[in-house]
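Below is one structure, written out as structure tokens, with a few remarks after it.
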Amino acid sequence: MRLFSAVLAEDWARACDVAGLPRPGALDDLLVETFDLLERNGAAPWNARLRRLVGGSPEPSRQDALLAALTAREREVALLAAQGLTNKKIAARLFVTVRTAEYHVHNALTKLGMASRADLRDAFGTTGEPDPAGAPEPPQDAAQPGTSAIVSESLPTA
């Protein structure tokens, strides 16, 4: 998938140049990732060709620089918290305990030098509105009625 992103970045940059359009910020972010990928994997000729095409390497965005300081799970949690999700909803979405979600939110805020979820929202440019799809509902307690794995109405009758 990462290789596909590298090809996409090159094609997108070439298409912008041919059409005389400015490169959108999303393309610059993709190019930064592509340059890093090509560098790490020893694809120097491709990296050099791409750098010539785009006239050097674009600067990583502030958001990318902030996210780079976090672990993969902290990034995930920080982005969900920035969307306005509570620790309980983050825990349900990521299938972790609420305490684990709190721990990751705290670590992300500390590493980024931020004091609140509002700071995360401002840094990551989110509206503070949770994702419309929402987090999956946490599993219901098996002792509650209607949670049995077998539903008698769906069984064939003899």
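The values are calculated or read from the model by the stated rules, or taken from the named source; none is laboratory data. Everything numeric in this text was worked out from a predicted model, so none of it was measured. Please note: Cβ atoms are built from the backbone with ideal geometry, for glycine as well, and neighbour counts cover all protein chains shown.
Could you tell me which of the residues Ala91, Ala101, Ala118 is among the small types (Gly, Ala, Ser) and under 30 Å from Pro24 (Cβ atoms)?
Of the residues listed, the single one that is among the small types (Gly, Ala, Ser) and under 30 Å from Pro24 (Cβ atoms) is Ala118.
Can you name the residue in segment 12-46 that is among the small types (Gly, Ala, Ser) and assigned to a loop (DSSP other than H, G, I, E, B) and is also farthest from Thr110 (Cα to Cα) among such residues?
Gly20
Any chance you could count how many residues in segment 11-49 are under 23 Å from Ala68 (Cα atoms) and in contact (Cβ under 8 Å) with a residue 40 or more places away in the chain?
Number satisfying all stated conditions: 0.
If you scan segment 68-110, which residues turn out to be touching an Asp or Glu at 6+ places or on another chain (Cβ under 7 Å) and not aliphatic (A, V, I, L, M)?
Scanning segment 68-110 gives Gln83, Gly84, Asn87, His104, Asn107.
Return the only residue of Ala108, Ala78, Ala92, Ala123 being among the small types (Gly, Ala, Ser), out of contact with any strand residue (DSSP E or B) (no Cβ under 8 Å at 6 or more places or on another chain), modelled with pLDDT of 95 or more and outside any loop (DSSP other than H, G, I, E, B).
Ala92
Is it fair to say Arg49 is modelled with pLDDT of 75 or more, charged (D, E, K, R) and under 21 Å from His106 (Cβ atoms)?
no
Going through Ala92, Ala78, Ala82 one at a time, which residue ends up being buried (at least 16 other Cβ atoms within 10 Å of the Cβ) and in contact with a Ser or Thr (Cβ under 6 Å, 6 or more places away or on another chain)?
Ala82
I'm trying to understand the selection: among the residues of segment 12-27, which are over 21 Å from the mean Cα position of the chain (by Cα) and closer than 14 Å to Gly55 by Cβ?
Once the filter is applied, which keeps residues that are over 21 Å from the mean Cα position of the chain (by Cα) and closer than 14 Å to Gly55 by Cβ, segment 12-27 yields Ala13, Arg14, Cys16, Asp17, Pro22, Arg23.
Can you pull out the residues in segment 80-109 that are among the charged types (D, E, K, R) and closer than 19 Å to Ala69 by Cα?
The one that is among the charged types (D, E, K, R) and closer than 19 Å to Ala69 by Cα: Glu102.
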